[in-house]
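Structure, as structure tokens:
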Amino acid sequence: MQAQQIHWRVFSDIHELRQAACNAILASANAAIAAHGKFIIALAGGSTPHDIYQMLRTAQTDWAKWHVVFGDERCLPPDHPERNSFMAGENLLNHVPIPRKQIHPIPAELGAEEAAQAYCKTLANTGEFDLVLLGMGEDAHTASLFPGHAWENADFAAAIPVHDAPKPPSERVSLSASRLSNARQVIFLVTGAGKREAVTRWQSGTELPVAAIRPMAGVEIYLDAAADPATVEAN
Ligand code: 6PG
């Protein structure tokens, strides 16, 4: 497999990063809609995207052409506040007119195995994502792909069950590294001093889940100064 091409973008503060991320998401949406009549985005979970999702609520875009999938999900009830789909709904999806049939939550309430199989069927006729948003944990995990765990399964299924995940809850579903890599554009959103050590390991070429995401066009990594080892060293 090709080496990961990385485009680092460091922002002096988190507000600048968030605005740049919104601009990039909307540019990706408008280009995709112009090119093929729809925009397929895989949303990131965790807390980093909260504010970016909120900022998108007032965006001028053709929401009717948006199709939303999720990079991963925690095996919790759909209305549980720690569900990634709940967070995306609260901050964005419940506030914009994307047709509900075009929003595809991972049915993780079914349990990891059944939900992964169901999501593979959901994605069966979906080609390349236009945009994948991803976060990164302090151990350099992304989506629910963790160091020391499988990032693919034997038949390279699009969605894989995750058991005993180090980040609670232990039961999850994740898109695989190869499915997340099947995208025109991938943007990682990485902020805060807690992520700096993982960024250093990523930059050193260590084999990590974040480094396993290898779209043809490479990945863009949006860092704030706190997460950027170079900025911290310079200060
Ligand atoms: C999850 C996320 C996970 C997240 C990172 C970063 O379900 O937990 O998909 O991959 O993006 O752990 O989380 P924060 O944005 O909260 O730091």
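One table, with the values for the structure above:
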read-out	value
Region 86-117 - residue that is of a type in the set (A, V, I, L, M, F, W, C) and within 18 Å of ALA29 (Cβ to Cβ) and, of those, most open to solvent (accessible area, probe 1.4 Å)	ILE103
Failed condition for ILE33, given (1) closer than 26 Å to HIS80 by Cβ; (2) β-branched (Val, Ile, Thr); (3) assigned to a helix (DSSP H, G or I); (4) touching a strand residue (DSSP E or B) at 6+ places or on another chain (Cβ under 6 Å)	(1)
Matching residues in region 39-74 - criterion: being part of a strand (DSSP E or B) and within 16 Å of the ligand (Cβ to nearest atom)	ILE41, ALA42, LEU43, VAL68, VAL69, PHE70, ASP72, GLU73, ARG74
Candidate set from region 144-196 (those that are among the basic types (Lys, Arg) and more than 14 Å from CYS120 (Cα to Cα)); member that is surrounded by the most Cβ atoms within 10 Å (Cβ to Cβ)	ARG172
Tabulated pairs, region 19-35, first within 17 Å of ILE52 (Cβ to Cβ), second open to solvent by less than 30 Å² (accessible area, probe 1.4 Å) and in a helix (DSSP H, G or I), C-beta under 8 angstrom, 6+ apart or interchain	ALA21/ILE52; CYS22/ILE52; CYS22/LEU56; ILE25/ILE52; ILE25/LEU56; LEU26/LEU56
Some residue of region 3-17 being buried (at least 21 other Cβ atoms within 10 Å of the Cβ), under 15 Å from the mean Cα position of the chain (by Cα) and outside any loop (DSSP other than H, G, I, E, B)	no
Sole exception among (1) of a type in the set (D, E, K, R); (2) touching a Pro at 6+ places or on another chain (Cβ under 9 Å); (3) in contact (Cβ under 8 Å) with a residue 40 or more places away in the chain for ARG214, by number	(2)
Those residues of region 103-150 which are among the hydroxyl-bearing types (Ser, Thr, Tyr) and either within 11 Å of the ligand (Cβ to nearest atom) or without any contact (Cβ under 8 Å) to a residue 40 or more places away in the chain (or both), in sequence order	THR142, SER144
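The values are calculated or read from the model by the stated rules, or taken from the named source; none is laboratory data. This one's a predicted model, so the numbers in the text were calculated from it and none came from an experiment. Note that each Cβ is placed from the backbone with ideal geometry, even for glycine, and that neighbours are counted across all protein chains shown. SASA here: full protein model, heavy atoms, side chains in, ligands and nucleic acids out. Shrake-Rupley method; radii C 1.70, N 1.55, O 1.52, S 1.80 Å.
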